[in-house]
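Below: one structure, written as structure tokens.
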């Protein structure tokens, strides 16, 4: 049981990374619009995040310091500041989307307008960040997020022709109804959602919070090899359910409520209840991750005491940043912006900032001063990571032009 | 204690910082422009207008079909009231937004007028029928939702025919 709970950090991070507000919408949207023609992006994304999250966890376990802490030290204050600015901005957008996501999930259960629920959700997120021990937090929300497995159950209940589904997935093409630019835009969105920067900031900071050492490198591997593929599986299940239920009806997903429809239509009330709990837990978990990540990156850059292991009075600036990030995101969320569009932009803009996050991790994981001779990256990992770095740069360069050309994926 | 390793050199770190600031600024502008719902641009030619009419019809069809599916789920007892009520209201709002946006586009010529005259009544009918479903669900007539939603089938067909005509 202890071993099962040991991977809770990976599961929470992966649930947050793969099935947060952005992924829930993006996966359902792409499944409904492009069928399974973008499923390959999720597979590419999960390999990338497994490689880099493993590196960041290994760095944290060996150095006892998270990635962002080392970025500034290894690459300098200016690079660190550029990284901080980009990460903090995108993180704040993501936090806005997650708070709205939690409120929307509650709204679907209560009929209360989600705008009225955002302040209460923000308060709850802050209270959990402030009071709940890290281990309890990761276990509750990571494991509750597993309710989203109900999407896989719904797909199984639909009873698809698995060989045909696999064949469709393995032979992607740009649908006749869309053009290559829109296809690329959504592909980049899915890739950005899979490799969202806050995942590695949270994962490596969480590893430090959990007190990982060199002895925990096995736990690190188990976390990334179980947690992230599980998150990717949930992503694919959401996409597949939308492909089977929504696409044939010409339904395009632009509301969170629509992505739950396939489960309701296949599994009924129980399925719907489970999926709404799953959405609540996943978005709430992601809100915690992004709120804490705001504090982590800021405190780690400026060298302040940080983390939930410290009493709040010992890490006042860290907790102040978390609180201000939550307040800012709640106010932005209540301003009337469309939460789904904020979500879409946050994941696409994440893609633009990916090299800033992942390049330093690769540098540090190859530095014998930090990792020692025994634990630096091997050739195989470096080969994969380098290929991904090239992909990340290409994706980053293409993002803003694609937003403009496609008018935000229209 | 780990050794302090060299900081980034100023030669490439400064441009990196400037690029980072520009990227953040660009992203902020894109976000502010992009996060406005149902944004509409002008239609200067018939082709522009036709493209907007197509998008309007596609988005409306999605909203109509969503409500039809919600009504089916409601009638078979597969969902609870709050979920149905909020979901139908969202689609009603979406449809109202789409309709309002399309109505606000100035048709550039007589050909566009004809297109507008064809699509607008379909949107009006769909909005009325979606509102009927919302009323039924909010009154707790969950089992009767599919019969109330029956006219939406004709609306969906009309939208599909409209899209087929556009080619």
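Some observations on this one:
- Euclidean distance between Cα centres, region A:287-343 to region A:220-268, Å: 28 Å
- Diffusion coefficient, µm² s⁻¹, Stokes-Einstein with Kirkwood Rh over alpha-carbon pairs of the protein assembly as shown at 37 °C and 0.692 mPa s: 135 µm²/s
- Note: region A:138-247, Cα convex hull, 136 Å³ per residue.
- Dimensionless Rg over Rh [region A:301-369; C-alpha; Kirkwood]: 1.10
- Most fluctuating residue given options A:125, A:153, A:297, as computed from a GNM of chain A linking Cα atoms under 10 Å: A:153
- Spin-label model, residue B:96/residue A:374: points 7 Å from Cα along the beta carbon direction are separated by 6.6 nm.
- Exposure proxy ranking for A:164, B:65, based on other Cβ atoms within 10 angstrom of each Cβ and starting from the fewest, stands as A:164, B:65.
- For chain A, the longest principal axis of the Cα atoms and the long axis of helix A:256-302 meet at an angle of about 20 degrees.
- Size check on region A:58-115: the Cα extents along the three principal axes, sorted descending, read 50, 26, 9 Å.
- Shielding of A:261-268 by partner chains, average beta-carbon count, 10 Å: 5
- Whole-angstrom Cα spans of region A:168-312 along principal axes, big to small: 53, 39, 29
- Other protein chain C-beta atoms within 10 Å of residue C-beta, averaged over A:107-114: 4.
- Mean-position separation - Cα centroids, region A:46-118 and region B:42-74, in angstrom: 35 Å
- Debye log10 I(q)/I(0) at q = 0.11, 0.16, 0.25 Å⁻¹ for region A:187-258, Cα point scatterers: -0.43, -0.74, -1.20
- Neighbour counts of other Cβ atoms within 10 Å put B:52, A:308, A:215, A:157 in the fewest-to-most order A:215, A:157, B:52, A:308.
- 0 to 90° range, to nearest 10: angle between helix A:21-34 axis and chain A longest Cα axis: 40 degrees
- For region A:27-133: rounded, prolate or oblate by the Cα gyration tensor [a/c cutoff 1.5]: oblate
- The shape of region B:44-167 comes out prolate: with a ≥ b ≥ c from the C-alpha gyration tensor, a/c is at least 1.5 and a/b beats b/c.
- Inter-chain Cβ neighbour count for B:63-73, averaged per residue, equals 5 (cutoff 10 Å, partner chain atoms only).
- A:334, A:55, A:21 arranged by Cβ crowding within 10 Å, fewest neighbours leading: A:334, A:55, A:21
- For region A:2-406, the relative contact order works out to 38 percent when only alpha carbon pairs closer than 8 Å and six or more residues apart are counted.
- Region A:122-201 and region B:81-154 have Cα centres spaced 31 Å apart.
- Helix A:180-194 vs. chain A, principal-axis angle (Cα, 0 to 90°, nearest 10): 50 degrees
Only the coordinates and a few stated rules stand behind these numbers; no lab work does. Note that the structure is predicted; figures quoted are calculated from it, not measured. Cβ sites come from the backbone with ideal geometry, for glycine too, and all protein chains shown count toward neighbours.
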